[in-house]
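Step one of this worksheet: look at the structure below.
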Amino acid sequence: LAIFLMVIVNILNIIPPKMIGDVIDLIRVGKLTGEALTQTVWLLIGLAVFIYVVTYIWITRLFGSSILLEKVLRSRLLSHLTRMSPSFFHRNRTGDIMALATNDILAIGNTAGYGVLTLVNTVIGTSVVLVTMITLIDYKLMLAALLPLPFLAYAINRLGKTMRKHFLTSQQAFGFMNDQALESISGMRVLRSYVQEDKDVQAFDKVTQDVMNKNIKVAYINSLFQPVISTIVGLSFSIGLGYGSYLVFNGQISLGQLVSFNIYLGLLIWPMISFGEFINILQRGSASADRLETNFIQNADVTDRDSLVDVKLPASIEIRDLAFSYPGSNNNSLEHISLRIEHGSTLGIVGRTGSGKTTLLKQFLRQYPVEDQKIIIDNVPIESIPLDRIKGWVGYVPQEHLLLSKTIKHNIALGKPEASVKEIEHVIEMAFFTNDIAGMPNGLETIIGENGVMLSGGQKQRISIARALLVDPEILMLDDALSAVDAKTESIILHNIRKTREGKTTLIATHRLSAVRHAQWIIVLDEGRIVEEGPHGTLMALDGWYAKQYIRQQMEASLLNGKEDSEDEV
């Protein structure tokens, strides 16, 4: 609709110059009457009002559509990011993704709005004026006045290619600056603790200086467009006026036609300028579109297959000789893992740092592709079960807790926004967090700041545990989720979990062996392999790594408790 109305406006714009030229010719021969002049003036006024209304409509339609396009692209980008696996975020920096969502999509929207405007004005406006010049004035005058146009096309082409190259470079630098700013803000406490504020500011100054220099180059190329166009347009006017005067003196065209021709030539100035603007905007928009498309064509490592099996509940989980290595790694992080987890049981996963505990848990989250027929759930391979179904079963509490800069209530209810206050209070009690909330200024409505900046490590862990418990998952996975709480709090939380999750599966990866003592089955990992497995009593009887580590931790706990008792007596 906007393009159609723009064509109508361009056609109507050729009428006023023709009317003005006719009036001048009537004046020259002395045949202009008051009635004819009045009629002409009213026609011009009416035409101006009509063009104003039509222009208003196409502007609102065109730029409204470009804003809508920006919204659609941002939504599509976020939807795309939510489907991506961790390897995607290893390949793409956060700053670059932020630049896509801001600068690049804005450039594409500008191309769809202002770019379409300049394109239609260039093509339609120029065509209409040229045809009018040929039919109503003189084709020889038109050809002479447009002789400089090939130079304009050449200059615009060279400037456009240079603009694209520098704009791509500036966008990459902007993404790097975003990344640097994000790291500085999120790591502010660490920077301050090591007294590195000044060095970080200096490093950021270098990055912003680089961004500024690259954008100055873009602005420099951009500033060349208008002078080049204005110079060539001025040359066209000079030729048109000089040769047109010659044709008037020789009686080949009338004075009114020369005036109309110069007005038409003036109407060509904007299409010529808009042609340069169009090339400029098109180069920016196409560069941004290429960057966005490069992001969109990256597929998730794990997707649903064509033929899926609908499994209602994870009645049993079996791992058969599983081996796994992270993308880009030549070494296996897991090797020859075989175990069976019965529905409603608790599995403890222990081992040294880097032994593969977290990696094993991630296999159930389908974040990375695994070999076929290696993980079986209720006699169905995990790759044949819909991803949404698997995610709906699992409640995962990772080592690194992601909290939103909103209220405690909002963070806990993230997975179940419709949860009642009573349900939220119940899981808070299960996570032994009731007393902490009572001491906060606004209780559940307390704003916790960026990633829970005002909370301790133990409080963050307990909010994450409460969040997972609220969705009441069939499989609860705690990945060293109690490392920041004391032994007494840990014991209370685990007791509450055992009591309320009877008949549901729980997987606990931990360094503190007391957290898995109650588990029906415990595996000990070392360099990605199971080196010991069995219930707590069996592992203690083996007198291996588990037994020695458990005794050592119990002795440390006893010594610590004894010291605290002595301090209390003093």
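The values are calculated or read from the model by the stated rules, or taken from the named source; none is laboratory data. Since this is a predicted model, take the numbers as computed values, not measurements. Cβ coordinates were reconstructed from backbone atoms using ideal geometry, including for glycine residues, and neighbour counts include every protein chain displayed. All accessible areas refer to the heavy atoms of the entire protein, side chains included, with ligands and DNA or RNA removed. Shrake-Rupley method; radii C 1.70, N 1.55, O 1.52, S 1.80 Å.
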**OP:** State which residue pairs qualify: first residue farther than 17 Å from residue 147 by Cβ and inside region 231-253, second residue among the hydrophobic types (A, V, I, L, M, F, W, C) and not in a helix (DSSP H, G or I) in any location, beta carbons under 9 Å apart, and separation of 6 or more residues or different chains.
**Re:** none
**OP:** Pull up region 153-192, narrow it to residues that are of a type in the set (Ser, Thr, Tyr) and at pLDDT 80 or above, then point me to the one that is nearest to residue 102 (Cα to Cα).
**Re:** 170
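How many residues, within region 411-436, are in contact with a helix residue (DSSP H, G or I) (Cβ under 9 Å, 6 or more places away or on another chain), without any contact (Cβ under 8 Å) to a residue 60 or more places away in the chain and not in a helix (DSSP H, G or I)? Walk me through it before giving the result.
Here is the first cut: in region 411-436, the residues in contact with a helix residue (DSSP H, G or I) (Cβ under 9 Å, 6 or more places away or on another chain) are 411-417, 419, 421, 423-434, 436.
With the extra rule that they be without any contact (Cβ under 8 Å) to a residue 60 or more places away in the chain, the set shrinks to 411-417, 419, 421, 423-428, 433-434, 436.
Remaining after also requiring not in a helix (DSSP H, G or I): 416-417, 419, 433.
Residues meeting the conditions: 4.
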Subject >> helices (runs of 4 or more DSSP H) (entirely within region 83-139) containing at least 1 residues that are surrounded by 22 or more Cβ atoms within 10 Å (Cβ to Cβ) and in contact (Cβ under 8 Å) with a residue 24 or more places away in the chain >> reply: 94-99, 105-110, 116-120, 126-132
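Scan region 224-243 and give yes if some residue there is of a type in the set (Phe, Trp, Tyr), part of a helix (DSSP H, G or I), closer than 29 Å to residue 156 by Cα and open to solvent by 40 Å² or more (accessible area, probe 1.4 Å), otherwise no.
Taking region 224-243 first, the residues of a type in the set (Phe, Trp, Tyr) are 225, 237, 243.
With the extra rule that they be part of a helix (DSSP H, G or I), the set shrinks to 225, 237, 243.
Applying the additional criterion that residues be closer than 29 Å to residue 156 by Cα yields 225, 237, 243.
Now narrow it down to the ones that are open to solvent by 40 Å² or more (accessible area, probe 1.4 Å): 237, 243.
Within region 224-243, one or more residues are of a type in the set (Phe, Trp, Tyr), part of a helix (DSSP H, G or I), closer than 29 Å to residue 156 by Cα and open to solvent by 40 Å² or more (accessible area, probe 1.4 Å).
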Original post:
Out of region 330-382, which residues are small (Gly, Ala, Ser), under 20 Å from residue 476 (Cβ atoms) and surrounded by fewer than 22 Cβ atoms within 10 Å (Cβ to Cβ)?
Top reply: 344, 345
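Can you tell me which residues in region 454-482 are of a type in the set (A, V, I, L, M, F, W, C), assigned to a loop (DSSP other than H, G, I, E, B) and touching a residue at least 40 places away in the same chain (Cβ under 8 Å)? Walk me through it before giving the result.
Let us first name the residues in region 454-482 that are of a type in the set (A, V, I, L, M, F, W, C), namely 454-455, 463, 465-466, 468-471, 475-478, 481-482.
Applying the additional criterion that residues be assigned to a loop (DSSP other than H, G, I, E, B) yields 454-455, 471, 481-482.
455, 471, 481, listed by residue number.
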Original post:
What are the residues in region 145-190 that are open to solvent by less than 40 Å² (accessible area, probe 1.4 Å), without any contact (Cβ under 8 Å) to a residue 60 or more places away in the chain and in a helix (DSSP H, G or I), if any?
Top reply: 170, 173, 184
Original post:
So, in region 477-528, of the ones that are open to solvent by 50 Å² or more (accessible area, probe 1.4 Å) and among the hydroxyl-bearing types (Ser, Thr, Tyr), which residue ends up farthest from the chain's Cα centre (by Cα)?
Top reply: 491
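So if I check each of 296, 324, which one is surrounded by fewer than 16 Cβ atoms within 10 Å (Cβ to Cβ), under 30 Å from the mean Cα position of the chain (by Cα) and at pLDDT 85 or above?
Working: 324 fails: surrounded by fewer than 16 Cβ atoms within 10 Å (Cβ to Cβ).
Criteria check complete, one pass: 296.
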Original post:
So how many residues does region 191-202 have that are surrounded by fewer than 14 Cβ atoms within 10 Å (Cβ to Cβ) and in a helix (DSSP H, G or I)?
Top reply: 7
